[in-house]
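Down below is the structure, laid out as structure tokens.
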Amino acid sequence: MPGTFSQIYIQVVFAVKRRENLLQKPWRDEVFKYMAGIIKEKNQKPIIVNGVTDHVHLFIGLKPVMSLSDLIRDVKNNTTNFINDKKFLNTKFSWQEGYGAFSYSHSQLDTVYQYILNQEEHHKKKTFKAEYLELLEKFEIEYDEKYLFDWIE
């Protein structure tokens, strides 16, 4: 869109179905690179993609030519197929329905980048459930617990 200028930064968080610990270290980085490639292919800016065994964080510079929901649908569908086609697991892989999306200003880029970069270290101290609920509360997002992820305790 000529004459359209934007600067929209979104952190997206979503989980493996049933929050199972399926994103294993030997191939996890390959999946994250693949996700970044999908984001780039959709003419969006992948700032960082990282996560741990049960969930992923995407930090995206979003251009208004595509809706966030369409982008995340494509990322989830394509990575599900990628993981299953590569036979990384002895079982079918899929993502949990839904996602969290949180917006940031340009001045927060480095803070959010570092936070996502250090997910392994971060989750030695805090569970994904605690992290996710903290984000929802910090951003004052109303939610009904029955629609949150299926938590495995």
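A residue that is touching a residue at least 24 places away in the same chain (Cβ under 8 Å) and within 13 Å of the chain's Cα centre (by Cα) occurs nowhere in the stretch 84-93. Is the stretch 81-99 home to any residue that is closer than 15 Å to Ala15 by Cα, among the aliphatic types (A, V, I, L, M) and either loosely packed, with under 13 Cβ neighbours inside 10 Å or at pLDDT below 95 (or both)? No, every residue in the stretch 81-99 fails to be closer than 15 Å to Ala15 by Cα, among the aliphatic types (A, V, I, L, M) and either loosely packed, with under 13 Cβ neighbours inside 10 Å or at pLDDT below 95 (or both). Among the numbered conditions (1) touching a residue at least 24 places away in the same chain (Cβ under 8 Å); (2) in contact with a Pro (Cβ under 8 Å, 6 or more places away or on another chain); (3) outside any strand (DSSP E or B), the only one that Trp27 does not meet is (2). Candidates in the stretch 18-33 are the residues that are modelled with pLDDT of 95 or more and crowded, with 17+ Cβ neighbours inside 10 Å; of these, the one that is farthest from Lys87 (Cα to Cα) is Phe32.
Are any residues in the stretch 96-152 free of Cβ contacts under 8 Å to residues at least 12 places away in the same chain, acidic (Asp, Glu), assigned to a loop (DSSP other than H, G, I, E, B) and farther than 26 Å from Leu62 by Cα, and if so, which ones? Hit for the stretch 96-152 is Asp144, nothing else.
Within the bounds of the stretch 124-143, is there any residue that is in contact with an Asp or Glu (Cβ under 7 Å, 6 or more places away or on another chain), surrounded by 18 or more Cβ atoms within 10 Å (Cβ to Cβ) and of a type outside the set (Asp, Glu)? Yes, that holds for at least one residue.
The values are calculated or read from the model by the stated rules, or taken from the named source; none is laboratory data. In this text, all values refer to a predicted model and were calculated from it rather than measured experimentally. No Cβ is skipped: glycine too gets one built from the backbone with ideal geometry, and neighbour counts run over all protein chains shown.
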